[in-house]
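What follows draws every value from the coordinates through simple rules; no lab data is involved. All values reported here derive from a predicted model rather than from experimental measurement. Here the Cβ positions follow ideal geometry from the backbone for every residue, glycine too, while neighbour counts run over all protein chains shown.
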Amino acid sequence: MTLARAPLPKATSIQLFKSLFLARRSEEYIVKHYPENRMRTPMHMSMGQEFVSVGVCAALEGKADVFASYRSHAAFLAQTHDTDLFFSELYGRTSGTGEGKGGSMHLAAPDQGHMLSSGVVATQIPVAVGAAFANRQLATGRTAVAFFGDGAMDAGVFWESLNAAALYRLPVMFVCEDNGYAVDTPRESRQVATSLTEAVKPFGCDSYDDDSGDVESVYALARAAVEKAHRDRRPAFLSIKCCRYLEHVGTSEDWHWGYRDKAVVEREWISRDALVQQRARLLSHQVSESAIAAMEDEIDKAIRASVARAAEAPIPAPERLYAGVFHEKA
Amino acid sequence: MRKLDYAGAIREATWQEMERDPRVFVYGIGVPTWSSIFGTTKGLPEKFGKERCFDTPISEDAMTGFGLGAALRGLRPIHIHIRVDFMILATNQLFNMVSNYIYSTGGKLKVPLVVRAVIGRGWGQGAQHSKSLFSNFTHIPGFKVIAPTTPSDAKGMLIAAIRDDNPVICFEHRWLYWAEEDVPEEPYEVPLGVGRILRPGRDVTVVGLSWMNVEARLAAEILQKRGVSIEIVDPRTLAPLDEDLIVDSVKRTGRCIIADCDWVNSGFGAELSARINERCFGVLKAPVKRIGFADTPCPTVRELENEFYPNARTIVHAVEDMLGLEAANLDGEDFFSHERRFRGPF
């Protein structure tokens, strides 16, 4: 199902642009500082795919419980906008949510609705279903969202989770960031189904496709999907085509691996990069170049300050190793 | 005080906690159905409704993640597996998610999830319905692991587990469901991490796990007739372990037999043995002895099954061996046979 839609209000376009820019620029700083070897945690970069989680999280207006995968950076920043927590955890500092015990694959800001992201493919998906159950029982008005790649749909637990969510009539948002690869293995080598949205339909959920590469399209789709999910008491499945610009893990490009063609990726994806599109859209909304540059500058300064604070924050004391295996009463 | 069996004690603990706290719910394959997990969930769906006592698809992995998510967002789930063998399907969630969720988030989150796992010998259960797997779960940091033996412990420890803000795995041997004793009617907690001396003794410490404490009590009666006194220590909680209680007992007796209802090889008894050796080396009069399943998959045919499982007879002979006594003729002794209660099919 795809939706015809009216243009979004200018304020929403600006908000989406800022959120996209925040995620992109934060990762650009990771690329810059990673070789210093002070963020010693495997990075699964979101770059190129940010528009998916940015669009979905914005659509849920903060009332989301986000369960993300190891490709967690954009989802974390889209949900929390908290670059202090983000970089603190990457640098392994006491000021990070997990005081460095989590790292890039295990980012968390539960108070802000970003639950612990997970490094084993598909493991976060059923947890979102249980959170949706709690949200219904406790009438919190929140929506559980699972972000995962197309690789997670190879896993049995995805199908188990989808079935359970539909069976219990839970409005879970299953959001597939379909970048077409599990590391470098293409989807065609792993899955028989040619259409993910068709494959999930018999499970009693509403399924939506989007190959626009456009954050506003994702935003509008997610808004409509979440409203329908709550109204009809059933899960929603969103399959959003996207492209990972960098290697599976690490901060470099991977054209030399040879599993995809740089020219094709540039033509099909990078040339219509979501951030670039959104910036152009602001200009068409009569936001001036200087106003956009001022926004970018403000976000850039904030990120740089977060990086500086994180790099200087205290490292956990050795005895913290044993702390927090079990819940520590405040 | 009135007599209550172990299954009734589990049911009463669940019932009282569900009455006290509307966030508690219970779920799992077959939980609200007629068989009601050996009667431990009987009447709960009628009393508390199908939103708080419900069945699940045969999706152990997803439904474990479901429990984690519900716990993270404010509920207090009890997930039941009618066989620990089926819980193996849930170990991706348990080992990769549940066990480290609190730690990875700096100790601030609560994961009040109880997972109940039924273990134990049945009636020709064969290789896939007979495991215990204690050490698979005590091996992983982040779980509390309990295995209550008596009905009063079962009630108090399950209540403590439900009120705990951490994941607790509760092993219940199916034969224990029949055991009866005086159990207080009001809700109470037996603290986790505290062991119990089930029977004081002088000559040998027997550390029993779950059902093997029943066998150890029978062995103690038999041995007492020969003037041999064994002390039975029930750790009750396997993680975190009440190591001092065990060590103090072994220091008194100088001898220790670990009676496990699990495989010996890399089993929980190996951990116990190592800890006892580390702290009691100078006072041990004999090497620590371990008793458990034969080092084979579990056979189905009765005659081999009897060889596979240890029982009171095994304990008596191990004690005799350790004390240098002649093996007594046990033909006149009355050993436990589940077939007096139970003839299958499951």
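A few remarks follow.
- The range A:9-100, relative contact order [Cα under 8 Å, separation at least 6], %: 28
- Expressed per residue, the C-alpha convex hull volume of the range B:2-183 stands at 107 Å³.
- Remark: the Cα gyration tensor places the range B:217-346 in the oblate category, a/c being 1.5 or greater and a/b not exceeding b/c.
- P(r) tail, the range A:10-314: Cα-Cα pairs separated by more than 27 Å, 39% of all pairs.
- Distance from the alpha carbon centroid of the range A:263-330 to that of the range A:88-111 works out to 15 angstrom.
- Cα gyration tensor shape of the range A:170-236, rounded if a/c is under 1.5, else prolate or oblate by comparing a/b with b/c: oblate
- For the protein assembly as shown, the spread of Cα positions along each principal axis, largest first, Å: 98, 53, 47
- Cα-based equivalent ellipsoid, the range A:209-248: semi-axes from gyration tensor eigenvalues, Å: 24, 11, 7
- Antiparallel DSSP beta bridges within chain A, as percent of all bridges there, nearest 5: 10
- Segment B:ALA127-B:HIS139, length gained on full extension (0.36 nm per residue, minus Cα span): 2.1 nm
- Remark on the range A:167-303: Rg and Dmax equal 18.2, 52 Å (Cα only).
- Phi to ³J(HN,Hα) by Karplus 6.51 cos²θ - 1.76 cosθ + 1.60 over the range B:169-178, Hz, x for Gly, Pro: 9, 10, 8, 10, 6, 4, 5, 5, 4, 8
- Phi-based couplings in Hz for the range A:236-242 (Karplus 6.51, -1.76, 1.60; Gly and Pro marked x): 10, 10, 10, 10, 10, 5, 7
- Compactness index (Cα Rg / 2.2 N^0.38 Å), chain B: 0.98
- For B:94-105, mean number of other protein chain Cβ atoms within 10 Å: 6
- Note on chain B: GNM, Cα springs under 10 Å; of B:PRO184, B:PRO77, B:PRO310, the largest mean-square fluctuation is that of B:PRO184.
- For peptide B:73-80, the mean count of partner chain Cβ atoms within 10 Å of a residue's Cβ comes to 4.
- Cut-off under 5 Å, modelled amide H: who pairs with A:THR251 long-range: none
- Between amide H atoms placed 1.01 Å from N, distances below 5 Å from B:VAL145 occur with B:ILE169, B:LEU238, B:ALA239, all of them 5 or more places distant or on a separate chain.
- With Cα atoms, 0 to 90° folded angle of helix B:268-280 axis to chain B main axis: 60
- The mean count of C-beta atoms from other chains within 10 Å of the C-beta of residues in A:90-99, rounded to a whole number, is 2.
- Ordering of A:33-40, A:194-201 by packing is A:194-201, A:33-40, highest average first (other Cβ atoms within 10 Å, averaged per residue).
- Sparse packing (at most 15 other Cβ atoms within 10 Å of the Cβ) combined with a DSSP loop state is found for the following GluC sites (Glu not before Pro) in the range B:246-346: B:GLU326, B:GLU333.
- In this structure, the amide hydrogen of A:LEU238, modeled 1.01 Å from its nitrogen in the peptide plane, lies closer than 5 angstrom to those of A:PHE174, A:VAL175, A:CYS176, A:TYR208, counting only residues at least 5 positions away or on a different chain.
- Cross-linked pairs B:LYS131/B:LYS155; A:LYS329/B:LYS3; A:LYS63/A:LYS262; B:LYS47/B:LYS108: Cα-Cα separations exceed 31 Å for A:LYS329/B:LYS3; A:LYS63/A:LYS262; B:LYS47/B:LYS108.
- Mean residue ellipticity at 222 nm, helices only, chain B: -10000 deg cm²/dmol; runs of at least 4 DSSP H residues each add -39,500 (n - 2.57), and the sum is divided by the number of residues.
- Shown here for the range B:1-99: trypsin sites (Lys or Arg not before Pro) in loop regions (DSSP other than H, G, I, E, B) with at most 15 other Cβ atoms within 10 Å, namely B:LYS50.
- Charge dipole (the range B:2-183, unit charges on Cβ, about Cα centre) - positive-most of B:ALA154, B:SER35, B:ASN96: B:ASN96
- For B:GLY201, neighbours were defined as the other residues whose beta-carbon sits under 12 Å from its Cβ, and their charges (Lys and Arg +1, Asp and Glu -1) total +2.
- Taking the convex hull of the alpha carbon positions in the range A:1-149 and averaging its projected area over all directions gives 9.7 nm².
- Other residues within the sphere of radius under 14 Å centred on the Cβ of B:PHE281, judged by their own Cβ, net out at +4 (K and R +1, D and E -1).
- Positive contributions from Lys and Arg (+1) and negative ones from Asp and Glu (-1), summed over other residues with Cβ under 14 Å from the Cβ of B:GLN93, come out at -3.
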